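Read-outs: derived from the displayed coordinates by stated rules, not from any lab. Treat the numbers as computed from the prediction; the structure is a model and nothing was measured. We place every Cβ from the backbone using ideal geometry, glycine too, and count neighbours over all the protein chains shown.
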Amino acid sequence: MKKILVVEDNESNLELFLDILSMSGYHYIASTEGKDAIQKAIDEKPDLILLDIQLPGLDGVEIIKRLRDDARTKGLKVIALTAHAMKGDKDFYLSQGFDGYISKPIVIKDFLSEIKRYLED
């Protein structure tokens, strides 16, 4: 069973993501803030990380930099989750070290197909 770390501080969004993942047969780990997310990535070695950009304390861009700078986590697949869906945002987040980009609000079918695609790579 694939393990996904979901990092999201919005309670409603987190609950939605976890429900979708659970119903789709994925095992998940949840975190609502940056330092905890980094530690869980180190300890749990998830198959995929869904990382919100707007977080209290460390934001998603700072977290991805720390994950990529650490030998224990640099190879983990990380998808940016963001409500910032302006032209050029996807390219920006990919240039920061993210493997993919999903804009919120999500479309469930597209959300699941993106997750499946990254887990199959």
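Within segment 30-72, the set of residues being more than 18 Å from Tyr93 (Cα to Cα) and assigned to a loop (DSSP other than H, G, I, E, B) comprises Thr32, Glu33, Lys45, Pro46, Asp47, Pro56, Gly57, Asp70, Ala71, Arg72. Per this entry, Ser31 is counted among residues that are among the small types (Gly, Ala, Ser), closer than 24 Å to Pro105 by Cβ, surrounded by 13 or more Cβ atoms within 10 Å (Cβ to Cβ) and in contact with a strand residue (DSSP E or B) (Cβ under 8 Å, 6 or more places away or on another chain).
Taken over segment 2-16, the criterion of being within 11 Å of Leu48 (Cα to Cα) and surrounded by fewer than 21 Cβ atoms within 10 Å (Cβ to Cβ) is satisfied by Lys2, Lys3.
Determine, yes or no, whether Leu21 is assigned to a strand (DSSP E or B), in contact with a strand residue (DSSP E or B) (Cβ under 6 Å, 6 or more places away or on another chain), closer than 24 Å to Ala85 by Cα and in contact (Cβ under 8 Å) with a residue 12 or more places away in the chain. Taking the combined requirement at face value, the residue does not satisfy it.
Just one of the listed residues (Asp36, Asp70, Asp43, Asp19) is surrounded by fewer than 20 Cβ atoms within 10 Å (Cβ to Cβ), closer than 22 Å to Asp121 by Cβ and not hydrophobic (A, V, I, L, M, F, W, C), namely Asp70. Could you list, in sequence order, the residues of segment 78-95 that are within 14 Å of the chain's Cα centre (by Cα) and either surrounded by fewer than 16 Cβ atoms within 10 Å (Cβ to Cβ) or farther than 20 Å from Tyr118 by Cβ (or both)? Ala83, Leu94 - these are the residues of segment 78-95 that are within 14 Å of the chain's Cα centre (by Cα) and either surrounded by fewer than 16 Cβ atoms within 10 Å (Cβ to Cβ) or farther than 20 Å from Tyr118 by Cβ (or both). Inspection of segment 1-12 finds a residue satisfying the criterion of being acidic (Asp, Glu), under 23 Å from Asp121 (Cβ atoms), in contact (Cβ under 8 Å) with a residue 40 or more places away in the chain and touching a helix residue (DSSP H, G or I) at 6+ places or on another chain (Cβ under 9 Å). Cβ separations smaller than 6 Å between residues 6+ apart or across chains give the following pairs from segment 85-99 residues that are under 12 Å from Val61 (Cβ atoms) to residues that are surrounded by 10 or more Cβ atoms within 10 Å (Cβ to Cβ) and not charged (D, E, K, R): Tyr93/Ala80; Tyr93/Tyr101; Gln96/Val61; Gln96/Ile64; Gly97/Ile64; Phe98/Ile64; Phe98/Val78; Phe98/Ala80.
One residue stands out in segment 96-121 among those that are within 16 Å of Tyr26 (Cβ to Cβ) and among the hydrophobic types (A, V, I, L, M, F, W, C): the one that is surrounded by the fewest Cβ atoms within 10 Å (Cβ to Cβ), namely Ile108.
Put simply, of Arg72, Arg68 the only residue that is farther than 18 Å from Leu18 by Cβ, touching a Gly at 6+ places or on another chain (Cβ under 6 Å) and among the basic types (Lys, Arg) is Arg68.
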